[in-house]
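Chemist: This is the structure I want to talk about, given as structure tokens.
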Amino acid sequence: AGIVFLLHFGAFHVLSCAWRAAGVDAKPLMNWPLLSQSVSEFWSRRWNLAFRDITHRFLFRPFAARWGGRAGLAAVFVFSGVVHDLVISLPAGAGYGLPTLYFVIDRTAPTVTGRSENAVLTSERRR
């Protein structure tokens, strides 16, 4: 966990600063996640923005266009869980399915709060 924390909040940020100093538009990976006002804001606007942008383009939009915003969100969270299983559980040789379970459970938080999910879906319609 320490290495991942160091990469996400240290090395990747420094790398982004270096690229920007060289004139490349390399936005920071994180956008002050501790300032999030909701679970939806955390995942959609503050945490791992590169992953968010990729999954938004290739998963959320196609699923949302065909089956609605809730299906788009579910697809992104399930995919994220599978990716985390591949990079955590597989190398560790244990805990298979737990990262996916975490993301599936975490996906339900906006549904339970209702207002947060609606805010995300409404902001996505404006884009």
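Every read-out reported here was derived from the displayed coordinates using simple, explicitly stated rules and does not represent laboratory data. Keep in mind that what you see is a predicted model, and the values were worked out from it rather than measured. Every residue, glycine as well, gets a Cβ built from its backbone with ideal geometry; the counts of neighbours run over all protein chains shown.
Chemist: Along the Cα→Cβ direction, 7 angstrom out, place labels at Asp53 and Trp32. What is the inter-label distance in nm?
Modeler: For Asp53 paired with Trp32, the spin-label model returns 2.0 nm.
Chemist: Starting at the first residue of the range 45-56, write each ³J(HN,Hα) from the Karplus equation 6.51 cos²θ - 1.76 cosθ + 1.60 with θ = phi - 60°, in whole Hz, x for Gly and Pro.
Modeler: Computed from phi, the couplings for the range 45-56 are 10, 10, 9, 6, 5, 5, 5, 4, 5, 5, 5, 5 Hz.
Chemist: Order of 40-50, 71-81 by packing, highest average Cβ count within 10 Å first?
Modeler: 71-81, 40-50
Chemist: Sticking with this one: So if each residue of separation counts as 0.36 nm, and I subtract the Cα-Cα distance between Cys17 and Val4, what length gain in nm does that give?
Modeler: Answer, rounded to one decimal: 2.8 nm.
Chemist: So for each of 18-25, 93-100 I average, over its residues, the number of other beta carbons within 10 Å; can you give me the resulting order with the highest mean first?
Modeler: 93-100, 18-25
Chemist: Here's another thing I want to ask about it. Per q in 0.21, 0.26 Å⁻¹, report the Debye log10 I(q)/I(0) for the range 1-57, using one uniform scatterer on each alpha carbon and no solvent.
Modeler: One equal scatterer on each Cα of the range 1-57 leads to -0.85, -1.08.
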